[in-house]
Amino acid sequence: MDEVGEGMNVYLAGCPNEKKRATDEIMDIYLAGAGSAGNNNAIWRNGKENPDEAMNIFLAGLNSEQNRAYDGFSSERKIYVLESFYYMKDWMFPYIKNHWHFLLDSGAFTFMNDTKNATGVDWDEYTEKYANFIKKNDISLFFELDIDPIVGLNEVERLRIKLEKITDKQCIPVWHKSRGMDYWLKMVQEYDYVAIGGIVTQEIKRNEYSIFSKLLKIASENNCKVHGLGFTNSSGLKKYRFYSVDSTAWLYGNRGGFIYKFTGKDIVKIDKPKGKRLIAKKAAIHNFREWVKYQQYAKENL
């Protein structure tokens, strides 16, 4: 069978202890999941001094040894990378410093799932390792341990205090619906940058997305930026003014047998022709690049 992908140009894709800064209304989209096998060419390097001049993307999951930066194409901008502490590798560190705007997830939920024994996890030890990594590598933007459903809010708060004490920086706390609106107000008054969780797990269901309008309005009134964890609903991005979001959507084209295309205002799926097959590596790079185009558009227009 013929192969789809030959000749294709493909693009995949802090909170320091100081007074809160005014909310930047430009949206950043963080692409998650770049560490899956075969995604080694999906890192866009650049050296632009001002990263806020266009949309930037955080790619997550760059955890395989072969997932080195692809130097065959260039960019005028750094990319935005969201990665899990659980998947961090030594080779990534130069890129964190020189080529990425970096957002770090604690990886606690993944760690717990891999151990298959939540009650046996020493969360204090895990928090200390996470905090020391942040401190050693001077990471500015990082989430708290987002494990409310596992250990409860009181324990998450205790671990948050410990994390911030060791790092001497504010983390990005993650709000869940179970915390309530009063807690949201408290978060956005105390932090520059917060996140909304429970979207991917459908704790917040699609028919409840209208809650974002209220949450974002309260955050804006308190000069606080909001990250939508796993939120890349195309129509929702135009409706809800998140400061940033992350997504693994760009990965699914290669897995699902389609490519993405940026139309100039939106990102759409194009199924592969019948009797053709995707060249995995080239399809992945293509989808990455198209998502980068979409995210550049989002940063300037959404």
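So the values come out like this:
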quantity	calculated
Val200 versus Leu185: modelled label distance in nm, points set 7 Å from Cα along the beta carbon direction	3.1 nm
Which of His101, His286 has the fewest Cβ neighbours within 10 Å, and the rest in rising order	His101, His286
Burial ranking of peptide ranges 184-192, 210-218 (average Cβ count within 10 Å, highest at the top)	184-192, 210-218
Ordering of 86-96, 239-249 by packing [mean C-beta count within 10 Å, highest first]	239-249, 86-96
Rg/Rh for region 144-302, where both radii come from Cα atoms and Rh is the Kirkwood radius	1.04
Distance between region 184-226 and region 239-263 - C-alpha centres, whole angstrom	21 Å
Amide H partners (placed H, <5 Å) of Leu278, local residues excluded	Val4
Residue order, fewest to most beta carbons within 10 Å, for Ile270, Ile279, Ile285	Ile270, Ile279, Ile285
Cα-based Kirkwood hydrodynamic radius, region 182-236, one decimal, Å	11.6 Å
Cross-link pairs Lys177/Lys239; Lys97/Lys186; Lys97/Lys265; Lys177/Lys225; Lys269/Lys293; Lys225/Lys261 - those with Cα-Cα distance over 24 Å	Lys97/Lys186; Lys97/Lys265; Lys225/Lys261
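Here, each number is a calculation from the coordinates, and none is a lab measurement. Note that the structure is a prediction, hence the values are computed from the model and not measured. Using ideal geometry, Cβ is built from the backbone for each residue, glycine included, and neighbour counts are taken over all protein chains shown.
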